[in-house]
Amino acid sequence: MPRYFIWTIGCQMNKAESQRIAGYLDSAGYQTATSFSNADLVMLNTCVVRQNAENKVVGTLGLLKGLKNKHPNLQILVTGCLVNSNTEELKRLFPHVDLLFKPGDYNELIAWGQKQGIPIDQRRLSYRRNDSGMAPSPCAFIPIVQGCDNFCSYCIVPYRRGREVSRPVGEIVCEVEELARRGIKEVTLLGQNVDSYGHDLPGHPDLADLLNELNNIDNLARIRFLTNHPKDINLKLIDTMASLDKVCEHLELPVQSGDDDILKAMRRGYTLERYRELVDTIHSKIPQISLSTDIIVGFPGETGEQFEHSLSLVQEMRFDVVHVAAYSPRPATIAWREYQDNIPSEIKKERVNKIEELQAAIASEINSQLHSKEMEVLVEGRKKGKWFGRTRSNKLVFFEDAKDWLGQLVRVQIEKTSPWSLRGEVKKY
Ligand code: SAM
Ligand code: SF4
């Protein structure tokens, strides 16, 4: 049996696409390999959102060149955001790659497979895997809208993933029904901006309409979605979230900066006043909401004072999770063309550290309030002898128990908390 190994970095969308590609390869009779070195086919699912991610991809491609020299029959496939429209240039740089295809362009993969005599079944779905590809997971990621129309000034995604294309409601509902029949309990709907889902479909259904349909699916226990955009999220969605029992109390609402002038230069399309009003509304309608955000520090021209505004926003908002990144200039983006990357990397690092330290203290306080509470956890797998899963609010919970709890919704009493995860004891009723 030929073996495949999929290497994935980057966002959840990449992880979802890798799961789907794994399903295709399973359907063609491939088995999973444990590393590059024992695979006959290697797939790199790449990210170039920041320079360090791109460096990792280029380094891995270099490693594979050596492997291909030793094993000329090794097939190397590359997808994800590295693949731009100029595939000729990429082919010239990486001649050892057999196929480059744009993220989500499965037709290209299937056509290539047919030429190679690899019988890929395009109806094949395979979500019952976790990240290691080994044990079944009860969670599935479902892309609902590809691409992005926003062009935030720092972001390369619209250049690599193209304009927004939504999948029809019926297609998504059928897929989730099938997954629920196979035992999937939780789905996470994915899009760079899930709030613009459906604007390009007949009748313009929106995310709230889709959630209403999915909430009716038997055996499905939880629905999540990401990422929301503060300029587009609306009251209808917030009310729908509050009213549907399967929709979890968690939102990813990236603010990116705590300074209005920087937000303008980032072309985010909202002010901090709008963001604050939005968060107030969300809290009033969904009091148990847990909020995650993304922040970029060291955007061109960000003064010490402007950075302090981001720091105070983190202090004020008390997010559950903050993903902080140092600005990385990305070729072809508006910021790359118009601004000089003039914040030294040591200052960017210092700013990242300051936000991370503050957020660790806040998350520690928030999570400590969960001590002794009983929480519902969907068990996703096992790590280092412990079961792990997530609460509806997306908190990672570990517990030890001899019984097999995989895929089950359990009640866990929290006994230990940290900024990043919780530990507890499973309740047996
Ligand atoms: N669509 C989402 C949004 O509107 O925020 C996020 C998509 S983006 C791929 C994921 C995160 O990467 C962003 O929230 C941003 O914080 C970060 N990011 C994107 N471009 C970046 C850049 N050039 N430098 C540093 N961080 C960046
Ligand atoms: Fe990038 Fe902005 Fe689109 Fe998010 S909304 S993917 S940050 S352009």
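At a glance:
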{"read-out": "Magnitude of the charge dipole, the range 357-428, Cβ model with Lys/Arg +1 and Asp/Glu -1, debye to 20", "value": "200 debye"}
{"read-out": "Computed E for residue 38/residue 89 - FRET, C-beta separation, R0 22 angstrom, nearest 0.05", "value": "0.10"}
{"read-out": "With DNA, RNA and ligands ignored, accessible area of residue 375 (1.4 Å probe; Å², nearest 10)", "value": "30 Å²"}
{"read-out": "The chain: DSSP helices with Cα axial extent of at least 24 Å and average Kyte-Doolittle hydropathy no lower than 1.6", "value": "none"}
{"read-out": "Stretch gain in nm, segment residue 116-residue 401, where the contour uses 0.36 nm per residue and the Cα spacing is subtracted", "value": "97.9 nm"}
{"read-out": "Unmatched cysteines, the chain - criterion: no other Cβ of a Cys under 4.7 angstrom", "value": "11, 47, 81, 139, 148, 174, 248"}
{"read-out": "Cα lying deepest toward the dipole's positive end in the chain, options 371, 47, 344, charges on Cβ", "value": "47"}
{"read-out": "Label-zone membership for the range 276-320, site residue 342, 7 angstrom Cα→C-beta point, backbone N under 16 Å", "value": "298-307"}
{"read-out": "Listed residue pairs exceeding 24 Å between alpha carbons, taken from 264/395; 403/427; 349/384; 383/427", "value": "264/395; 349/384"}
{"read-out": "Cα extents of the range 313-377 along the three principal axes, largest first (Å)", "value": "52, 24, 18"}
{"read-out": "Computed over the chain, the ratio Rg/Rh where both radii use C-alpha atoms and Rh is Kirkwood", "value": "0.96"}
{"read-out": "P(r) of the range 77-119 over all Cα-Cα pairs, binned every 10 Å from zero, in whole percent", "value": "29, 54, 17"}
{"read-out": "Distance between modelled label sites at residue 58 and residue 242, nm, 7 Å Cα→Cβ extension", "value": "5.0 nm"}
{"read-out": "Estimated distance in nm for a label pair at residue 216 and residue 312, the labels positioned 7 Å out from Cα along Cα-to-Cβ", "value": "5.0 nm"}
{"read-out": "Derived scalar couplings ³J(HN,Hα) [the range 193-203; Karplus, 6.51 cos²θ - 1.76 cosθ + 1.60; whole Hz; x for Gly, Pro]", "value": "9, 5, 6, 9, 3, x, 5, 9, 9, x, x"}
{"read-out": "Two-site FRET efficiency, residue 273 against residue 51, from Cβ-Cβ distance with R₀ of 35 Å, rounded to 0.05", "value": "0.60"}
{"read-out": "Gained length - residue 280 relative to residue 234, 0.36 nm times residue gap less alpha-carbon distance", "value": "15.3 nm"}
{"read-out": "Theoretical FRET efficiency, 1/(1+(r/R0)^6), r = Cβ-Cβ of residue 382 and residue 3, R0 22 Å, to 0.05", "value": "0.40"}
{"read-out": "Sequence ranges 221-228, 367-374, ranked by mean other-Cβ count within 10 angstrom, highest first", "value": "221-228, 367-374"}
{"read-out": "Assigned charges on the beta-carbon of Lys, Arg, Asp, Glu; the chain dipole about Cα centre (debye)", "value": "1540 debye"}
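The values are calculated or read from the model by the stated rules, or taken from the named source; none is laboratory data. Fair warning: this is a prediction, and the values are worked out from it, not measured in the lab. A quick note on method: Cβ atoms are made from the backbone with ideal geometry, for glycine too, and the neighbour counts reach across all protein chains shown. With ligands, DNA and RNA removed, areas are computed over all heavy atoms of the protein, side chains included. Shrake-Rupley method; radii C 1.70, N 1.55, O 1.52, S 1.80 Å.
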